[in-house]
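Step one of this worksheet: look at the structure below.
The values are calculated or read from the model by the stated rules, or taken from the named source; none is laboratory data. Since the structure is predicted, the reported quantities are computational estimates derived from the model, not experimental observations. In this analysis, Cβ positions are derived from the backbone assuming ideal geometry, glycine residues included, and neighbour counts consider all displayed protein chains.
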Amino acid sequence: MKVSIIPEHCIACGLCQTYSPVFDYDDDGIVIFSQSNKRELELPHEPNIIKAVKECPTKALLLD
Ligand code: SF4
């Protein structure tokens, strides 16, 4: 599944990494992928990643 991050929408709440280590943060606490500096990644279909996407309060994470 394809997951996208929209750092401009991130409010640095820190929630997504509590669901999955796929997500990390820059020095300002804004979401990045831990394994890549891309904004879009092909990731395994894992429930914890899907949960992170759904729970993001500002829709800064998207699932395709
Ligand atoms: S859950 Fe959303 S708003 Fe919170 S840190 Fe992650 S991407 Fe940013």
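Data for the structure
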item	result
The stretch 52-64 residues that are at pLDDT 95 or above, paired with ones that are polar (S, T, N, Q) and within 6 Å of the ligand (Cβ to nearest atom) (beta carbon under 7 Å, 6 or more apart)	none
Scan of the stretch 22-39 for residues that are more than 13 Å from the ligand (Cβ to nearest atom), modelled with pLDDT of 95 or more and touching a Leu at 6+ places or on another chain (Cβ under 9 Å), ordered by number	none
Residue match in the stretch 10-21 (condition: more than 13 Å from the ligand (Cβ to nearest atom), closer than 13 Å to Leu63 by Cβ and hydrophobic (A, V, I, L, M, F, W, C))	no
Residue in the stretch 34-45 that is touching a residue at least 60 places away in the same chain (Cβ under 8 Å) and either outside any strand (DSSP E or B) or surrounded by 12 or more Cβ atoms within 10 Å (Cβ to Cβ) (or both) present	no
Tabulated pairs, the stretch 8-32, first touching a residue at least 40 places away in the same chain (Cβ under 8 Å), second within 7 Å of the ligand (Cβ to nearest atom) and part of a helix (DSSP H, G or I), C-beta under 8 angstrom, 6+ apart or interchain	Leu15/Ala52; Leu15/Glu55; Cys16/Ala52; Cys16/Glu55
Residues within the stretch 1-23 that are within 10 Å of the chain's Cα centre (by Cα), part of a loop (DSSP other than H, G, I, E, B) and surrounded by 14 or more Cβ atoms within 10 Å (Cβ to Cβ), tallied	5
Residue check for Ile6: within 9 Å of the ligand (Cβ to nearest atom), touching a helix residue (DSSP H, G or I) at 6+ places or on another chain (Cβ under 9 Å) and on the phi < 0 side of the Ramachandran plot	no
